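Here the structure is laid out as structure tokens; the discussion comes afterwards.
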Amino acid sequence: MRHIISLLIENESGALSRVAGLYSARGYNIESLTVAPTDDPSLSRMTIVTYGNDTVVEQIAKQTDKLIDVVRLVTYTETPHVERELMMVKLRAVGSQREEATRLVAIFRGKIVDVTDSTYVVEVTGDSGKIDAFLAAVPSEQILEVVRSGVVGIARGESALKV
Amino acid sequence: MEFSGAEILFKCLEAEEVEYIFGYPGGAVLHIYDALYQQEAVKHILVRHEQGATHAADGYSRSTGKPGVCLVTSGPGATNAVTGLATAYTDSIPLVVITGQVPQAMIGTDAFQECDIIGISRPCVKHNFLVDSLENLATTIKKAFHIATTGRPGPVVIDIPKNLTDPKVRIPFEYPAEIEMRSYKPATAGISGDIRRAVDLLLSAKKPMIYAGGGVILGESSSQLTALSRELGYPVTNTLMGLGCYPASDDQFIGMLGMHGTYESNMAMHECDVLLAVGARFDDRVTGQIDTFCPYARVIHIDVDPSNIAKNFPVEVPIVGDTGHVLDDMLAVLSETNRRPDPEPLSQWWDQIKSWQAVNSYNYDRNSDLIKPQYVVEKYCELTEGQAFVTSDVGQHQMFAAQFYRFDQPRRWINSGGLGTMGFGLPAAMGVRFAHPDAEIACVTGEGSVQMCIQELSTCKQYGVAFNILNLNNGYLGMVRQWQEFTYESRYSSSYVDALPDFVKLVESYGHVGMVIDKPGDVEGALREAIAQKDRLCFLDFRIDTEENVYPMIEQGKGHHQMRLNPRRSEFS
Ligand SMILES: Cc1cc2nc3c(=O)[nH]c(=O)nc-3n(C[C@H](O)[C@H](O)[C@H](O)COP(=O)(O)OP(=O)(O)OC[C@H]3O[C@@H](n4cnc5c(N)ncnc54)[C@H](O)[C@@H]3O)c2cc1C
Ligand SMILES: Cc1ncc(C[n+]2csc(CCOP(=O)(O)OP(=O)(O)O)c2C)c(N)n1
Ligand SMILES: [Mg+2]
């Protein structure tokens, strides 16, 4: 089963490699990992998407939480939450492709953020399913390059991951 | 007053009441060695190999409860320390290991003796620090000691770039009295509701078992464990790491459990209905085949590390906390209630256990013409009245030491359990000696293991460190040979140690005393002589039965109730 682990970690050199090292050493799956400083620059927020049954994910969460630099950690498995991923995709855009692409971008509420004679760069935001669906809808020979941010997540309502 | 980084380092160690550091110099730590020379608070022990430094610091720590401290240079000095870090890490031993690093300006340039010890050591330390500024040095050291010694203890590396110890760069020094880390707050007390539930469950047991491990020793809670066990009258077993946390000579102690534990402990584990696991981590050498482990038990597990709870086995009452705190609370709950275990089923349970004890699973051939390793350890235990510090290496000799030396006190049995590091025993004994100048100490080793850190005999000579080395010399990497006998049709692939040194000459060349003992009748005399020589290191080379095996044994894939017993046991008197 797919799980999202969100955590706050001291924004110190090496913090990311501690997490990444733990996952490779213990053979845990990482589907995606995103990290960036928060409004408090001494802290980074990390979102990890991982797979495993409940016992495995409980271990993953406990082992991650045990890292000395990790300040707080939650698993959004049961908790209602919102998750988003950002993708930029470079499309071949010549002739009729241009209009087709524009239409598709509108359906997915994406944006065209760069235009040349022969290419578009499209930005799409949403949960991973929506992004997968966009990619499936574009003819594959038209896709020149894809970059995805990995998932970020946040709980709905009052509960907040803060220090 | 202003101080250099190197001076600040020693001021910090002094503030931490560090008595000894075990180390080896080199380019990146020359400023530190110069400051060492000019201070008196901390005594430095010059080892012969950085692995020896880590094991010595480790032995010092295991025998005292205080953190062990090492100082090594960058590059090869640091990499040589890695085995010792991993050894301490798996057994949860607090060490602070200071490594020199190339100057900050040269990091990342493939400089001479540069290596990324932070990266290399990350998976085998509790935490590590690359010091980033002179201003942060003292706090970093404070944090390192705090992290190493609290919660589940473990080794911490402090990597100090050379420019930060430069004698010309000086700042005022103040050692923080307290340290607060928002990201690190280990649990102490358990949740009171869980503690009540645990006591209830324990009192309801008909076939109870107490399974206590290294965490009882690390949490300095042997007396509470003993009090609780006695109050309940329940059988107690110890892991290899827990030996001594409950007095071995007490009637309620039924021996070690696991792969080479007693038949009675393993059978009782298999049959028990309530299991109290305290400071033990359900290691695979303990559980055997996990799907057959404790099939009838409802489990209470006390551990300070939440990730060790329900990691290998489901737990009904998890209690995250320090063994001392939690056992105190359990004793308090027990004293408030007048409920006590139902005596009838308990006495039936003890009868059952006694019938398993009658199998006498550790028994060996006492009438052999060859020296039996078990006999050597048994005699040594008798002559030292179970009061010695015993370090060990890894192999059959380690198991014989664990089975036949009866430890009545914690911190007396010092061995590498989790990593199983051959070479640990000799330097560890050295570390124990510095902590306990007058105690009786022996290293029970094998001819294979002892050669892995044999160079430390030279350190022993330099500092007049004396202890006894009981070399159970079977001419084989015996533990490997045993597995080959059992599972590879006796194809002894590379387990025979050809071309052994003449150990007597070898130790004499280092200035110590050596003896060869090859007859059972000479064992006691030799041991007495060695014990009497307090100021000389004595190496006793016992030429033992070369093909003795460790019994009983849970083989790969088997459960506690499927132990392999010594096939010749009916012939033994
Ligand atoms: C050749 C060989 C054979 C072996 N055979 C056996 C065998 O037959 N039987 C056996 O038992 N072992 C055997 N071992 C050892 C085995 O590999 C493990 O090292 C050992 O079983 C682990 O012991 P433990 O469970 O007590 O845990 P330890 O490694 O001692 O861990 C301590 C536990 O206590 C917790 N803890 C630490 N401090 C505290 C505190 N203050 N409060 C609460 N909890 C705390 C820790 O989180 C951890 O879970 C063998 C090893 C070798 C090399
Ligand atoms: C550093 C290291 N290398 C290899 C091993 C694997 N190993 C475990 S026991 C053993 C044999 C030890 O031989 P010896 O010290 O003579 O002890 P004996 O079993 O004969 O008593 C070996 C090679 C180990 N534990 N540690
Ligand atoms: Mg041997």
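The values are calculated or read from the model by the stated rules, or taken from the named source; none is laboratory data. Note that the structure is predicted; figures quoted are calculated from it, not measured. We place every Cβ from the backbone using ideal geometry, glycine too, and count neighbours over all the protein chains shown. These area figures cover heavy atoms from the full protein model, side chains too; ligands, DNA and RNA do not enter into them. Shrake-Rupley method; radii C 1.70, N 1.55, O 1.52, S 1.80 Å.
For the stretch B:158-172, indicate whether the set of residues that are among the polar types (S, T, N, Q), closer than 23 Å to A:Glu12 by Cα and touching a residue at least 24 places away in the same chain (Cβ under 8 Å) is non-empty. Yes, the stretch B:158-172 contains at least one residue that is among the polar types (S, T, N, Q), closer than 23 Å to A:Glu12 by Cα and touching a residue at least 24 places away in the same chain (Cβ under 8 Å). Scanning the stretch B:451-485 for residues that are over 23 Å from B:Gln374 (Cβ atoms) and touching a Pro at 6+ places or on another chain (Cβ under 7 Å) returns B:Cys453, B:Glu456.
Inspection of the stretch B:378-394 identifies at least one residue that is open to solvent by 10 Å² or more (accessible area, probe 1.4 Å) and within 16 Å of ligand 3 (Cβ to nearest atom).
Assuming A:Glu58 fulfils every condition listed in (1) within 14 Å of another protein chain (Cβ to nearest Cβ); (2) at positive phi; (3) open to solvent by 70 Å² or more (accessible area, probe 1.4 Å) apart from one, which condition is it? For A:Glu58, the failing item is (2). For the stretch B:36-48, the set of residues classified as out of contact with any Leu (no Cβ under 7 Å at 6 or more places or on another chain) and either in a helix (DSSP H, G or I) or surrounded by fewer than 20 Cβ atoms within 10 Å (Cβ to Cβ) (or both) consists of B:Leu36, B:Tyr37, B:Gln38, B:Gln39, B:Glu40, B:Ala41, B:Lys43, B:Leu46, B:Arg48, listed by residue number.
Say we look at the stretch B:421-441 and pick out the residues that are closer than 16 Å to B:Ala88 by Cβ and within 16 Å of ligand 3 (Cβ to nearest atom); which of these is nearest to the other protein chains (Cβ to nearest Cβ)? Step by step, filter the stretch B:421-441, then rank; the result is B:Thr421. In summary, strands (runs of 3 or more DSSP E) completely within the stretch A:55-163 and bearing 1 or more residues that are under 30 Å from B:Lys126 (Cβ atoms) occur at A:70-75, A:152-155.
Restricting attention to the stretch B:395-420, the residues that are more than 9 Å from ligand 1 (Cβ to nearest atom), crowded, with 24+ Cβ neighbours inside 10 Å and at positive phi total 0. In the stretch A:71-124, the qualifying residues are those that are among the basic types (Lys, Arg) and more than 30 Å from A:Ala160 (Cβ to Cβ), and the one that is most open to solvent (accessible area, probe 1.4 Å) is A:Arg103. In the stretch B:419-442, the residues that are without any contact (Cβ under 8 Å) to a residue 40 or more places away in the chain reach residues that are open to solvent by 10 Å² or more (accessible area, probe 1.4 Å) with C-beta atoms within less than 6 angstrom, at least six apart or across chains, in these pairs: B:Gly420/B:Val394; B:Met422/B:Val394; B:Met422/B:Met452. Evaluation of B:Gly557 against the conditions (1) small (Gly, Ala, Ser); (2) free of Cβ contacts under 8 Å to residues at least 12 places away in the same chain; (3) over 30 Å from B:Asp438 (Cβ atoms) shows that the sole unmet condition is (2). Taking the stated definitions as given, is B:Ile319 closer than 30 Å to A:Val57 by Cβ and either within 16 Å of ligand 3 (Cβ to nearest atom) or open to solvent by less than 30 Å² (accessible area, probe 1.4 Å) (or both)? Answer is yes for this residue. Within the stretch B:481-512, the residues that satisfy the criterion of being in contact (Cβ under 8 Å) with a residue 40 or more places away in the chain and out of contact with any Cys (no Cβ under 9 Å at 6 or more places or on another chain) are B:Arg481, B:Gln482, B:Glu485, B:Phe486, B:Thr487, B:Val497, B:Leu500, B:Pro501, B:Phe503, B:Leu506.
For every residue, the table says whether it meets (1) of a type in the set (Gly, Ala, Ser); (2) touching an Asp or Glu at 6+ places or on another chain (Cβ under 7 Å); (3) farther than 30 Å from B:Arg281 by Cβ; (4) within 14 Å of chain B (Cβ to nearest Cβ).
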position	(1), (2), (3), (4)
A:Lys62	no, no, no, yes
A:Val94	no, no, yes, no
A:Val105	no, no, yes, no
A:Val115	no, no, yes, no
A:Ser118	yes, no, yes, no
A:Asp132	no, no, yes, no
A:Leu135	no, no, yes, no
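Scanning the stretch B:295-318 for residues that are part of a strand (DSSP E or B), of a type in the set (A, V, I, L, M) and more than 12 Å from ligand 1 (Cβ to nearest atom) yields B:Val299, B:Ile300, B:Val317.
Residues that are more than 18 Å from B:Ser183 (Cα to Cα), more than 14 Å from chain B (Cβ to nearest Cβ) and either open to solvent by less than 40 Å² (accessible area, probe 1.4 Å) or assigned to a strand (DSSP E or B) (or both) within the stretch A:9-51 comprise A:Ser32, A:Leu33, A:Thr34, A:Ile48, A:Val49, A:Thr50, A:Tyr51, listed in sequence order. If B:Gln482 satisfies all but one of (1) surrounded by fewer than 24 Cβ atoms within 10 Å (Cβ to Cβ); (2) within 14 Å of ligand 2 (Cβ to nearest atom); (3) assigned to a loop (DSSP other than H, G, I, E, B), what's the number of the condition it fails? Condition not satisfied by B:Gln482: (3). Within the stretch B:118-145, how many residues turn out to be within 12 Å of another protein chain (Cβ to nearest Cβ), open to solvent by less than 50 Å² (accessible area, probe 1.4 Å) and out of contact with any Leu (no Cβ under 8 Å at 6 or more places or on another chain)? Summing the residues that are within 12 Å of another protein chain (Cβ to nearest Cβ), open to solvent by less than 50 Å² (accessible area, probe 1.4 Å) and out of contact with any Leu (no Cβ under 8 Å at 6 or more places or on another chain) in the stretch B:118-145 gives 7. Restricting the stretch B:49-84 to residues that are of a type in the set (Ser, Thr, Tyr) and either more than 15 Å from the chain's Cα centre (by Cα) or modelled with pLDDT under 95 (or both), which is nearest to ligand 3 (Cβ to nearest atom)? Filtering first and then ranking leaves B:Thr79.
For the stretch B:147-251, the helices (runs of 4 or more DSSP H) that sit wholly inside it and include 2 or more residues that are open to solvent by less than 10 Å² (accessible area, probe 1.4 Å) and of a type in the set (A, V, I, L, M, F, W, C) are B:192-203, B:222-232.
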